[in-house]
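Everything below concerns the one structure shown next.
The values are calculated or read from the model by the stated rules, or taken from the named source; none is laboratory data. This one's a predicted model, so the numbers in the text were calculated from it and none came from an experiment. In this analysis, Cβ positions are derived from the backbone assuming ideal geometry, glycine residues included, and neighbour counts consider all displayed protein chains. For the accessible areas, the whole protein counts, side chains as well, though only heavy atoms, and no ligand, DNA or RNA atoms are used. Shrake-Rupley method; radii C 1.70, N 1.55, O 1.52, S 1.80 Å.
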Amino acid sequence: MNPILLAGADEISMEVEVLRHFNIFGIDFAFTNTLWYSLWIAFFLILFAFIVNRKLRHVDPMKPPKGLQNALEMAIGVLDKFTAETMGPSGKGFSAFYGCLFLYIMCCNLSGLFVWFVVKDHTVIFDFMRPPTADFAVTLGLGLITFFMTQIFGIRSKGVLGRMKALAEPVFLMTPINLIGEVANPVSLAFRLMGNILAGTIIMALYYGLLPMFAYLLTPVLHFYFDVFAGILQSFIFMFLSMLYVSGAME
Amino acid sequence: MDYNIAEGGALILGCSAIGAGIAMISGFGTGIGQGYAAGKGAEAVGRQPGAAGEITRTMLMGAAVAETTGIYGLFIAIMLVLANPLVDKYYSLFS
């Protein structure tokens, strides 16, 4: 029994909705709208990458770049420079992964601006997308990627003993606190991203529940602040802090 | 349902709402921290207008990290209002 105390939010779904239950090998698997939308976002990103790849495959390298190629070269140059600045010269190979992470989180955050269909109980409903990053499962998954990358690359560059020694700094007695800090990193990353996006979603839902006239006047501004500004800033911060954690373990 | 049991649930809901309000006091510290960061950023831009872009980026970064503690409070408040675990626990005592 979970009474929803906030009334009047029928335009944006505040909570994660289960679209369908699957039973795979005796394990109950809930197909939520988070999963549905994030699959669509991944599909569009892959489609975009595929189209760009097809387009740029036969480009003459001797000619000056123009159009889409120019913009993409600039973006990738900025990304490479930023990664090398943040992680040091050894971390230059991470730029592809972090660019991918940034694009995915940014598209998830910006998805609150778009209307997309969802199939529920054999009927097709058109509704605002609920940003997948407003679900703690998604952000914790992304945070855990950072956590395991921190440990694995730390062990790779310093060895198991070196990594253990790094956790026992500055004195041996600090080890439990360092361990707690290590576990708290992905959780704080996940909470920061989820809290920002979920707060935006809930406040948007409340404003859409107002009188329609006020809602149409107020919501564009709020969409800009909560979805565009906070969304891009939070995805940037997620990428930046993830870089700091990984490069901190490698040094 | 027994009237007394329902009354207890209502009490839990009311107290949860008050608790959610109290949890949002964490926004106080976040506001002070972000305001401090913004003030220092404005000071730095005044002293060195050439580096305005770099300063703004660093300031937004720091402000967003300072936001984290406020977000924790917000998360507790959202939990208490939207997905209250205490009510389920209370009713599971009687079933």
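Measure nothing but the geometry: give the 0 to 90° angle between the long axis through the Cα atoms of A:230-250 and the longest principal axis through the Cα atoms of chain A, rounded to 10°.
Helix A:230-250 and the main axis of chain A meet at about 20 degrees.
For helix A:33-56, report the angle its Cα long axis makes with the longest principal axis of the Cα atoms of chain A; keep it between 0 and 90° and round to the nearest 10°.
With rounding to tens, the tilt is 60 degrees.
Name the residue from A:ALA166, A:VAL183, A:CYS107 whose Cα lies farthest towards the positive end of the charge dipole of region A:98-222, charges +1 on Cβ of Lys and Arg and -1 on Cβ of Asp and Glu.
With unit charges placed on the Cβ atoms, the residue in question is A:ALA166.
Using a simple charge model, +1 on the beta-carbon of Lys and Arg, -1 on the beta-carbon of Asp and Glu, nothing else, what dipole does chain A show about its Cα centre, in debye to the nearest 20?
The dipole magnitude comes to about 920 debye.
Give the interface area between chains A and B as buried accessible surface, both sides summed, probe 1.4 Å, in Å² to the nearest 100.
Summing both chains' loss of accessible area gives about 2000 Å².
Would you please report the Å³ per residue occupied by the convex hull of the alpha carbon atoms in region A:125-251?
Dividing the Cα hull volume of region A:125-251 by its residues yields 116 Å³.
PRE reach from A:LYS165 (point 7 Å along Cα→Cβ): which of region A:226-251 fall under 14 Å by backbone N?
Answer for region A:226-251: A:251.
Find the all-direction average of the projected area of the Cα convex hull for the protein assembly as shown, expressing the result in square nanometres with one decimal place.
26.0 nm²
By how many degrees, between 0 and 90 and to the nearest 10, does the Cα long axis of helix A:175-208 differ from the longest principal axis of chain A?
20 degrees
Within a 10 angstrom radius of each residue's Cβ in B:74-83, how many Cβ atoms of other chains show up on average? Whole number is fine.
If you average over the peptide's residues, the count of other-chain Cβ atoms is 4.
Where a Cα-Cα gap under 30 Å defines reach, which lysines qualify for A:LYS66, not counting those fewer than 8 residues away within the same chain?
A:LYS55, A:LYS81, A:LYS92
Hydropathy at least 0.5 by Kyte-Doolittle, axial extent at least 24 angstrom from the Cα trace: which helices of chain B, defined as entire DSSP H runs, fit?
B:3-23, B:52-82
For chain B, what are the per-bin percents of Cα-Cα distances with bins 5 Å wide, up to the bin holding the maximum?
2, 13, 16, 13, 11, 9, 8, 7, 6, 5, 4, 3, 2, 1, 0
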